[in-house]
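The values are calculated or read from the model by the stated rules, or taken from the named source; none is laboratory data. Treat the numbers as computed from the prediction; the structure is a model and nothing was measured. Every residue, glycine as well, gets a Cβ built from its backbone with ideal geometry; the counts of neighbours run over all protein chains shown.
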Amino acid sequence: MTGLASAFRALGALGVLAAAGLLAATAGVPSAGAVPEPGAPKEFVALDRVDPTIVQEMRYTTEHNFVGERVDGYRQPVCILTRPAAEALHRAQVRLLARGYTLKVYDCYRPQRAVDHFVRWAKDLDDERMKKEFYPLVAKERLFADGYIAEKSGHSRGSTVDLTVVRLPALPTRPYVPGEPQVECFRPKAERFPDNSVDMGTGFDCFDTLSHTDDPRITGVQRAHRDLLRGALAEQGFVNLPEEWWHFTFKPEPFPSTFFDFPVARRSVAGH
């Protein structure tokens with residue numbers, strides 16, 4: 001019996017080793033029903049590979065946005081753009097640095113799944129956790145009709161960017177604390193959520209007519225700052241969306257009619 005027991009123990013050990021080998025061999029192999037994440041076309045690049053001096057504050061990877069939570073598809077706080085758009089931003093940045101300013105991006109390429117997240121949020125009329133800051137004067141049921149939310153976004157084509165200008169030296173913006181008291185995005189700069197941006201008259205993603213680039217109520221220093229941003233980008237081929245002072249699209253777009261859905265992550269542009 002002792003010999004048989006030893007034999008069975010040896011077979012058991014071999015079985016464990018065989019199972020371990022099988023697990024090692026199949027590790028990383030997707031299951032039959034798994035769908036691999038799409039990657040970005042080779043024309044896309046991480047902005048900091050083109051210009052590491054441009055400040056990045058990717059709002060949709062945080063809870064400080066009009067939804068109040070990290071948005072679907074934003075895996076890492078990295079700005080991804082088509083290479084022509086990124087190179088045009090670099091050229092604008094060189095000119096602004098010489099004048100004592102730097103660009104700061106809030107959002108760049110946006111996957112379709114993120115747009116879908118915005119649409120679901122907009123249809124949930126009970127979720128108004130960020131209303132006081134981002135859309136204080138707009139009824140949530142009006143977000144589609146008034147054009148603040150749509151089922152497609154130019155950001156998903158890869159050549160649209162939301163950004164601002166920061167006076168050098170660029171001091172960091174303090175972190176947002178979820179649940180902290182909110183202040184309307186159109187209040188004076190000293191009263192609203194702190195941002196190291198120059199005063200543009202409203203905060204980023206402010207759903208209000210005061211965000212219209214040429215709103216006549218924006219004058220003086222605020223008007224000069226908006227004109228500085230628009231002028232620097234227009235020289236490099238960017239076109240401003242009149243309803244949002246922060247929103248610019250590089251023309252001509254490499255992908256004028258394609259809405260991508262790869263995640264915002266460095267692996268999406270690895271090797272580009």
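Odds and ends about this structure:
- Applying the criterion of being out of contact with any strand residue (DSSP E or B) (no Cβ under 8 Å at 6 or more places or on another chain) and farther than 25 Å from Val67 by Cβ to the residues of the stretch 167-187, the residue that is modelled with the highest pLDDT is Pro169.
- Residues that are within 24 Å of Cys108 (Cα to Cα) and either part of a helix (DSSP H, G or I) or not aliphatic (A, V, I, L, M) (or both), drawn from the stretch 132-155: Glu133, Phe134, Tyr135, Phe144, Asp146, Gly147, Tyr148, Glu151, Lys152, Ser153, Gly154, His155
- Enumeration of residues in the stretch 37-62 that are of a type in the set (D, E, K, R) and assigned to a helix (DSSP H, G or I): Asp48, Arg49, Arg59
- Candidate set from the stretch 203-228 (those that are over 19 Å from the mean Cα position of the chain (by Cα) and touching a residue at least 40 places away in the same chain (Cβ under 8 Å)); member that is surrounded by the fewest Cβ atoms within 10 Å (Cβ to Cβ): Leu228
- Boolean, Pro172 is loosely packed, with under 14 Cβ neighbours inside 10 Å, touching a residue at least 60 places away in the same chain (Cβ under 8 Å) and farther than 21 Å from Trp245 by Cβ: no
- Selection over the stretch 112-126 of residues that are surrounded by 15 or more Cβ atoms within 10 Å (Cβ to Cβ), in contact with a helix residue (DSSP H, G or I) (Cβ under 8 Å, 6 or more places away or on another chain) and closer than 18 Å to Val138 by Cβ gives a count of 1.
- If you check Asp199, Asp208, Asp162 for being acidic (Asp, Glu), more than 28 Å from Pro111 (Cα to Cα) and out of contact with any Gly (no Cβ under 6 Å at 6 or more places or on another chain), only one passes: Asp199.
- Odd one out for Arg129 among (1) among the basic types (Lys, Arg); (2) surrounded by 15 or more Cβ atoms within 10 Å (Cβ to Cβ); (3) assigned to a helix (DSSP H, G or I): (3)
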